[in-house]
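For reference, the structure is listed below as structure tokens.
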């Protein structure tokens with residue numbers, strides 16, 4: 001009996017237990033049926049200790065639970081273009097595992113570690129637009145008998161069809177301090193590091209696409225960014241929020257939230273301040289209907305409007321969430337990460353409910369998939 | 001010889017230089033347990049990496065603990081003790097080299113560090129104390145390897161705040177490592193000469209004193225005997241608080257590097273650690289609770305026998321006009337002669353008298369002149385040891401910034417422990433009065449702390465003792481965001497009877513530390 005069958009059984013049992021309370025019909029079998037004729041929207045995330053969850057946000061029910069062999073971490077997720085395979089950074093940031101969301105089948109696994117080298121990826125995962133390539137950046141150290149040697153980070157290019165012991169097709173030197181990545185439709189990779197880099201994965205050629213640490217903006221401080229969450233699939237963009245001081249140390253010092261953004265459909269880049277910096281935001285996505293409106297989350301859920309440079313709306317949450325996403329129609333906002341419940345709000349921040357999970361999502365991404 | 005221990009003790013000295021190369025249990029344990037990875041090098045008792053570093057006993061013990069937890073080393077506890085002893089003795093720090101970081105070794109953590117380097121604080125001392133690296137000596141290659149270890153083991157090091165704004169790895173290798181190699185080199189004169197110095201044994205009779213938080217000043221006779229094991233000692237303590245309440249206990253100690261005294265004590269039923277620096281004329285250090293390191297007391301120790309007569313300490317340091325109290329004087333040659341404590345002070349009763357101690361019942365008159373009380377015990381005079389006062393001019397609370405931690409059974413809380421010292425501000429001179437009677441209170445540090453009701457949630461400050469007991473750990477459903485019972489508090493002391501004379505400190509009550517090595 002494989003893990004999906006065990007979970008199916010569990011869900012059926014849960015359904016039976018809940019039957020008296022409400023006519024609950026959602027289970028894996030139903031979801032599979034639904035996928036045959038209509039596309040539905042699901043939430044996908046990782047939960048401690050090592051489960052990938054597929055969740056129906058409408059029914060607010062867990063559809064499928066997939067055990068992923070190995071230890072939790074980081075739970076960074078990227079989806080295949082058909083949105084049926086989730087690639088998860090797993091096993092203490094050392095393995096990338098591909099899981100078929102419709103069956104829980106493990107279809108891909110690669111590790112940057114081996115041969116006395118320990119490789120970890122700090123949330124650096126991307127999938128090519130045609131789904132044939134998986135990209136990761138490995139921060140590597142050679143573990144000697146009595147000392148470590150830190151090596152140059154490596155961009156690894158994998159064939160997604162390479163199976164469960166995938167070796168890279170190619171590797172290229174990569175900059176240090178890279179976190180999230182995005183793959184644009186023109187084939188270029190974008191890396192969030194000291195600056196936003198543009199990399200040609202055919203040859204590893206790297207250039208600065210958006211200057212951040214190295215920008216030439218005399219009245220601004222260097223930006224600070226903690227970019228750990230790989231959303232952006234709904235608006236098809238690669239987005240990194242930052243905080244920055246304008247006129248630092250002067251009387252008119254002003255702090256802002258800003259964004260560096262790559263439109264993954266067109267390759268167009270932009271960098272701009274969007275609203276005052278009044279509270280911490282861990283992750284941010286844009287509204288797919290109006291991409292100058294942004295939702296940010298940490299201990300508050302906020303809506304920022306770059307057109308007016310205003311914080312349009314902000315609410316205190318019941319606890320901290322790390323990862324924010326939206327439905328494809330923009331009507332719902334999903335909050336995950338950190339603790340063990342996913343919160344759902346409408347776009348006016350009315351509370352639509354909670355989906356409780358048995359473990360913490362911690363640093364995991366909250367992804368939206370349709371199949 | 002360099003240690004000015006009195007002649008009576010010199011006869012007990014062990015005349016073995018610490019650096020002597022002898023086969024020992026420690027070196028044999030390294031050969032057995034460590035040399036598979038740390039291969040023997042040319043020269044006696046030399047192993048890769050190990051022989052290119054010098055550290056405190058705590059530093060070596062933390063290294064071995066890391067080998068066990070991260071690299072799967074299996075080591076009997078006895079071998080761990082032997083290796084730490086051997087390495088601290090042969091690759092330790094000279095007293096001059098550890099002098100600037102005694103607070104860290106003594107677990108006095110409520111202090112703000114500063115360093116003679118523009119970015120060392122941000123580069124290194126944002127995660128651990130800067131003192132932790134200051135208590136190591138390495139050549140440049142070893143400092144570089146330490147940088148490689150940090151990024152190789154803790155990959156997020158270069159992604160954290162104050163690292164992701166710069167090329168951390170490059171700066172660590174090319175700016176920090178050379179600076180450390182220069183300022184903390186493996187070889188230097190202090191260590192060379194310390195290795196040649198004759199070491200003295202602490203065996204004998206001593207007198208020790210200090211201030212026990214919440215209980216008051218105390219003194220004790222300490223008898224130190226050699227025990228089984230290299231540089232191992234047993235000790236017993238027999239003394240009292242100035243209130244007369246008895247204080248007694250016993251313990252076991254090991255001396256590392258010829259001067260680093262580390263003891264486990266049980267005093268009046270409480271388990272405590274003791275760290276002393278034996279290299280000076282008067283060994284001094286701290287006794288503290290290993291699980292609640294804020295709870296501790298600075299102590300000084302002098303031998304019973306001494307060549308010169310002197311009064312060395314007065315407990316308390318001041319007498320208040322119009323009050324009758326117990327006064328304890330400690331020193332040498334106090335057994336004989338007339339006792340005079342200065343104008344306005346009457347000795348009502350001599351409770352105890354010996355060569356090294358006077359316990360007196362004294363009364364300070366209402367019209368006592370504030371200032372130093374000139375003391376005369378037989379031939380011995382002490383002009384600036386005991387002060388008299390009517391009112392306190394100024395109060396100073398310490399620490400000025402304290403950090404307490406909420407806790408539970410698994411991770412015990414860390415207390416806030418505050419003291420308030422009084423002063424007379426004269427035209428020419430400030431006269432310290434020591435700890436004077438105060439009332440303690442707590443209030444919100446700022447508007448945010450007031451809004452979040454930190455005073456209500458974070459814990460309780462004892463109004464009489466200045467000891468803050470933090471609340472229990474974990475999410476608190478009564479608080480916004482289910483926040484833990486953390487707080488940002490203003491701790492105020494006001495002199496009893498003189499409420500306008502106040503001082504205050506900040507107390508941050510924060511979450512647990514999960515990793516609590518002896519050097520933070």
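No lab work stands behind these numbers, since they all come straight from the coordinates. Note that the structure is predicted; figures quoted are calculated from it, not measured. Because the Cβ atoms are built from the backbone with ideal geometry, glycine has one as well, and the counts that use them run over all protein chains shown.
For the stretch B:338-376, the residues whose backbone nitrogen is under 19 Å from a point 7 Å from the Cα of residue B:310, taken along Cα to Cβ, are B:355-358, B:373-376. Taking a ≥ b ≥ c as the square roots of the Cα gyration tensor eigenvalues, the stretch B:24-94 comes out rounded, since a/c falls below 1.5. For chain A, a Gaussian network of Cα nodes joined below 10 Å ranks A:191, A:155, A:357 by mean-square fluctuation, and the top entry is A:357. Report the residue, chosen from A:225, A:121, A:331, that carries the largest GNM mean-square fluctuation when chain A is represented by alpha-carbon nodes joined by springs under 10 Å. Comparing A:225, A:121, A:331 in the GNM, the peak value goes to A:331. Averaging the Cα positions of each part gives two centres, and for the stretch B:95-132 and the stretch B:222-263 these lie 28 Å apart. Comparing A:288, A:201, A:173 in a Gaussian network model of chain A where C-alpha atoms under 10 Å apart are linked, the largest mean-square fluctuation is found at A:173.
Take the Cβ-Cβ distance between residue B:268 and residue B:520 as r, set R0 to 30 Å, and report the resulting FRET efficiency rounded to the nearest 0.05.
Details: r = 27 Å, r/R0 = 0.91.
It comes out at approximately 0.65.
Based on DSSP H segments of at least four residues, each scored -39500 (n - 2.57), chain B has a per-residue ellipticity at 222 nm of -5000 deg cm²/dmol. For the pair the stretch A:251-271 and the stretch A:137-182, the centres of their Cα atoms are 29 angstrom apart.
In terms of other Cβ atoms within 10 Å, B:293, A:318, B:89, A:329 run from fewest to most in the order A:329, A:318, B:293, B:89. Across peptide B:150-163, the average count of Cβ atoms from other chains found within 10 Å of a residue's Cβ is 4.
With a ≥ b ≥ c taken as the square roots of the eigenvalues of the C-alpha gyration tensor of chain B, please select rounded if a/c is under 1.5 and otherwise prolate if a/b is larger than b/c or oblate if it is not? Oblate shape, in that a/c is at least 1.5 and b/c is the bigger or equal ratio. Compute the label zone of residue A:39 within the stretch A:308-328: residues whose backbone N is under 15 Å from the point 7 Å along Cα-to-Cβ. It comes to A:327-328, nothing else.
Over what distance in Å are the Cα centres of the stretch B:272-349 and the stretch B:404-479 separated? Centre-to-centre (Cα) distance: 27 Å.
Tell me, in nm to one decimal, what length is gained between residue B:324 and residue B:463 on full extension, where the rule is 0.36 nm per residue of separation less the Cα-Cα distance?
Roughly 47.7 nm would be gained on extension.
Modelling each spin label as a point 7 Å along the Cα-to-Cβ direction, I'd like the residue B:35/residue B:428 distance in nm, to one decimal. Placing both labels 7 Å beyond Cα along the Cβ direction yields 6.8 nm.
The calculated FRET efficiency for residue B:298 paired with residue B:367, based on their beta-carbon distance and R0 = 35 Å, is about 0.50. Secondary structure note: in chain B, about 95% of the DSSP beta bridges are antiparallel. Oblate is the label for chain A, because the ratio a/c of its alpha-carbon gyration tensor axes (a ≥ b ≥ c) is 1.5 or higher and a/b is not greater than b/c.
Note on A:145-153: average number of Cβ atoms from other chains within 10 Å of each residue's Cβ is 6.
Quick check on the exposure proxy: order B:81, A:370 from fewest to most C-beta atoms within 10 angstrom. The most exposed by this proxy come first: A:370, B:81.
Listed by Cβ neighbour count within 10 Å, with the fewest neighbours leading, A:239, B:267 appear as B:267, A:239.
Going by alpha carbons, how many degrees (0 to 90, nearest 10) lie between the helix axis of B:77-90 and the longest principal axis of chain B? Compared with the principal axis, the helix lies near 80 degrees.
The value of relative contact order for chain A, using C-alpha pairs under 8 Å at least six residues apart, is 13 percent.
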